[in-house]
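Please read the structure below before turning to the comments.
The values are calculated or read from the model by the stated rules, or taken from the named source; none is laboratory data. Just so we're clear, the structure is a prediction, and the values are computed from it rather than from any experiment. A quick note on method: Cβ atoms are made from the backbone with ideal geometry, for glycine too, and the neighbour counts reach across all protein chains shown. Side chains included, ligands, DNA and RNA excluded: accessible areas come from the protein's heavy atoms. Shrake-Rupley method; radii C 1.70, N 1.55, O 1.52, S 1.80 Å.
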Amino acid sequence: MIVILKPKPPAAAVAELSEMLEKQGVRVDPVYGTDLTILGLVGDTSRIDPSRVEANRIVERVMSVAEPFKIANKLFHPEPTVVEVAGRSIGANKIVVVAGPCSVETEEQIISVAAEVKEAGASFLRGGAFKPRTSPYAFQGLKYDGLRLLGLARQATGLPIVSEIMSPHDIELFAGSVDIIQVGARNMQNFDLLKELGKISKPVLLKRGLAATVEEWLMSAEYLLAGGNRQIVLCERGIRTFETYTRNTLDLSAVLAVKKLSHLPVLVDPSHAAGKWWMVADLAKAAVAVGADGLMIEVHNDPARALCDGQQSIKPDGFRALMGELRPIAQAVGREL
Ligand code: PEP
Ligand code: MN
């Protein structure tokens, strides 16, 4: 971090600021130019809040040199993180596919979709039990009964479960009933939830917020990591832009950005990005081509009657065909599926 001071700062004020900064664990290297004085901060600056430094009246501007996330940073952890869960590795050579309906609806529905996606080669079953809906009048999920039905689907098929949590009160129950806890886009910056999930060792799938920058997303991952939970998987699911043709805009460049900045594995969810079932397969292929570690895809047995997100759900046949088409693409980029 570099602190640029206003011209001719009083020496006492510079000494006072330097002392304040050094108390926060860094060394202050001043450079006195003819016009400007610059303080170079050497060491771990992750605990220094640049806006607080800028509040000092002798400070003109603060420039950050390093990224504000530390444990998530590839600089300090060059090897990729591989999250091991239920005998599957996320972030290793094999691309993982999480598939299933937006919401758990009935026992028959979740078990039949689970069996079909497993047969087609999915590694995880997804299914929402608690649904963050824009309208309070829309289907809110089967809640605790949904978790129970997911458990039955796991028993029937052996597929590990991914499901979204909304409240910190449910952490214990989720930790005991799902294999990966999903934090949805709308809760990416629910810091109380992140802090609590940081305290457990259950894997967390952290979706990118609707309007979050890559840095904000990685800072949310940092909350989980700073609490001690190192089992973190990211998921790009489209961001809000001026475009309205699609539900969101799939930001595939974010996969490359995350791979450059961080060691954490990253999945892509083309379903919530596009919001249109007919775009899902091609976007999934593009995601694999660009280097995603896996996919999350909404699959429903009867999209026209789905209680949530039928418009973006593909059917089990389409999913099976897609898995076949993804294999050569994975191979072409040195991965397997
Ligand atoms: C979901 O996965 O069902 C979901 C609600 O996703 P997102 O948080 O990305 O909107
Ligand atoms: Mn959905």
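Looking at the stretch 6-65, the accessible area is 70 square angstrom per residue; that uses a 1.4 Å probe and ignores ligands, DNA and RNA. Restricting the stretch 239-337 to chymotrypsin sites (Phe, Trp or Tyr not before Pro) that sit in a DSSP loop and have at most 14 other Cβ atoms within 10 Å of their own Cβ leaves Phe242, Tyr245. The charge dipole of the stretch 83-332, taken about its Cα centre with unit charges on the Cβ atoms of Lys, Arg (+1), Asp and Glu (-1) only, comes to about 240 debye.
Gain on full extension, evaluated as 0.36 nm per residue between Lys260 and Arg133 minus their Cα-Cα distance, stands at 42.4 nm. Here the stretch 148-277 has 54 percent of its accessible surface on carbon and sulfur atoms, given a 1.4 Å probe and all protein chains in place. Sorted on the mean count of surrounding Cβ atoms within 10 Å across their residues, most packed first, peptides 18-28, 203-213 read 203-213, 18-28. Among the cysteines of the chain, Cys235 have no other cysteine beta carbon within less than 4.7 Å of their own.
Fully extending the segment from Thr244 to Thr213 would add 9.2 nm, taking 0.36 nm per residue of separation and subtracting the current Cα-Cα distance. With the simple model of a label 7 Å out from the Cα in the direction of the Cβ, His77 to Val42 spans 2.7 nm.
Please say if the stretch 83-332 is rounded, prolate or oblate, where rounded means a/c under 1.5 for a ≥ b ≥ c the square roots of the C-alpha gyration tensor eigenvalues, and otherwise the choice is prolate for a/b larger than b/c and oblate otherwise? Judged from the Cα gyration tensor, the stretch 83-332 comes out rounded (a/c under 1.5).
From its DSSP helices (H runs of at least four residues, each -39,500 (n - 2.57)), the chain gives a residue-normalised ellipticity at 222 nm of -10500 deg cm²/dmol. Taking the DSSP bridge list for the stretch 207-337 and keeping only pairs wholly inside it, about 10 percent are antiparallel.
Candidates Gly209, Ser253, Ala114 compared by Cα position along the dipole of the stretch 83-332: farthest toward the positive end lies Ser253, with charges placed on Cβ.
Scanning residues 5 or more positions from Gln182 or on other chains, those with amide H under 5 Å from its amide H are Ser163, Glu164, Ile165, Leu205, with H placed 1.01 Å from N in the peptide plane.
Pairs exceeding 29 Å between alpha-carbon atoms, taken from Lys131/Lys199; Lys74/Lys131; Lys94/Lys143: Lys74/Lys131; Lys94/Lys143. Note on Val31 and Ser167: with the Förster distance fixed at 45 Å, the Cβ-Cβ geometry gives a FRET efficiency of about 0.35.
Take every DSSP beta bridge whose two residues both sit in the chain; close to 40 percent of them are antiparallel. Estimated from the Cβ-Cβ distance and a Förster radius of 35 angstrom, the FRET efficiency linking Glu84 and Gln331 is about 0.90.
In straight-distance terms, cross-link reach from Lys202 covers every one of the aspartates and glutamates whose alpha-carbon lies under 16 Å from its own, apart from those fewer than eight places away in the same chain; here that gives Glu84, Glu164, Asp170, Glu172, Asp179, Glu222. In terms of the Cα gyration tensor, with a ≥ b ≥ c the square roots of its eigenvalues, is the stretch 184-324 rounded because a/c is under 1.5, prolate because a/b exceeds b/c, or oblate? Note, shape of the stretch 184-324 comes out prolate. Tell me, what is the FRET efficiency for Lys195 and Lys8 to the nearest 0.05, using R0 = 45 angstrom and their Cβ-Cβ distance as r? Efficiency, from the Cβ-Cβ distance: 0.55.
Scanning residues 5 or more positions from Val97 or on other chains, those with amide H under 5 Å from its amide H are Ser123, Phe124, Leu295, with H placed 1.01 Å from N in the peptide plane.
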